[in-house]
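To keep things clear, I will list the structure first and then write my remarks on it.
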Amino acid sequence: MKTRRNGLCVIACALFLLASLVGASAQLSPKLQAAIGSWQVIHNDGKPGGQVEIYVVNGKLFGKVTQLRPGRQPGDLCEVCGGELKNKPILGMVIFRDFSPDGDVWAGGTVVDPESGKVYKGKVWTVGPDKLSMRGFVGFSMLGRTENWTRIP
């Protein structure tokens, strides 16, 4: 009897969590929702990078590496990263953290560059349905660079 009650409690908690996640993303504008999905990183020199899955948790935007850039191996670690990311696998690493809605952009979060290990402030916005712009900067938005990514169907 106790096992059945514990199982029902786990199911109820999972349904509550799912409902809260769906509810949080349902309140976002279509422009903000458009950032959610899978993206191919395109560097400013036109070369492809890895791939990133962008998702929302409790109203905040996050993104994790789902495919490494060409030349990387699946077991590669972020040796140049600091803190909790030091020597962690790049594949699966959460590189976007805590972006909040700000009008039609996601702002106030941070982005980690696994190539340099540096952490930047950032902004994320969509340009049409299949293009995402990500700006990483130090201090002011003017002191940074923007990459344009393409949606993976």
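Computed from the C-beta positions of Lys47 and Arg97, the FRET efficiency with R₀ = 22 Å rounds to 0.30.
Just the number, please: carbon plus sulfur as a percent of the accessible area of region 49-109, 1.4 Å probe, no ligands or DNA/RNA counted.
Summing carbon and sulfur atoms, their accessible area is 49 percent of the total for region 49-109.
Using Cβ point charges alone (K and R +1, D and E -1), the dipole size of region 76-153 about the Cα centre works out to roughly 120 debye. Which Cα, out of Thr66, Pro129, Gly108, lies furthest along the positive dipole direction of region 39-148 (beta carbon charges, K/R +1, D/E -1)? Value computed over the given set: Gly108. Solvent-accessible surface of region 66-153, taken per residue with a 1.4 Å probe and all protein chains present: 56 Å². Give me the lysines in straight-line cross-link reach of Lys131: C-alpha distance below 16 Å, same-chain residues under 8 apart excluded. Straight-line reach from Lys131, under 16 Å: Lys31, Lys47, Lys123.
Asn58 to Gln27: extension gain in nm, 0.36 nm per residue of separation minus the Cα-Cα distance?
Contour length minus the Cα-Cα distance gives 10.0 nm.
Remark: region 120-137, residue by residue, has Karplus-estimated 3J(HN,Hα) of 10, 6, x, 9, 9, 8, 9, 10, x, x, 10, 9, 10, 10, 10, 10, x, 8 Hz, where x stands for each Gly or Pro and the curve is 6.51 cos²θ - 1.76 cosθ + 1.60 at θ = phi - 60°.
Across region 41-55, computed HN-Hα scalar couplings (Karplus, 6.51 cos²θ - 1.76 cosθ + 1.60, θ = phi - 60°) run 6, 10, 6, 4, 7, x, 7, x, x, x, 10, 10, 9, 9, 8 Hz from first to last residue, x flagging Gly and Pro. Only aspartates and glutamates eight or more places from Lys60 in sequence, or on another chain, were considered; those with a Cα closer than 19 Å are Asp98, Asp102, Asp104. A simple spin-label model places pseudo-atoms 7 Å from Cα toward Cβ; at Glu84 and Arg72 they are separated by 1.9 nm. For region 88-95, 3J(HN,Hα) computed residue by residue from phi via the Karplus equation (6.51, -1.76, 1.60; θ = phi - 60°) reads 9, x, 6, 5, x, 5, 7, 9 Hz, glycine and proline entered as x. Annotation: amide H-H contacts under 5 Å for Gln67 (H modelled 1.01 Å from N, sequence separation of 5 or more, or interchain): Gln51. Remark on Cys78: its backbone amide H falls under 5 Å from those of Asn87, Lys88, Ile90, a criterion applied only to residues 5 or more positions apart or on other chains, H modelled at 1.01 Å from N.
The values are calculated or read from the model by the stated rules, or taken from the named source; none is laboratory data. Worth saying up front: this structure is predicted, and the values here are computed from it rather than measured. Don't worry about glycine lacking a Cβ; one is built from the backbone with ideal geometry, like all the others, and counts go over all protein chains shown. Accessible surface areas use protein heavy atoms only, side chains included; no ligands, DNA or RNA. Shrake-Rupley method; radii C 1.70, N 1.55, O 1.52, S 1.80 Å.
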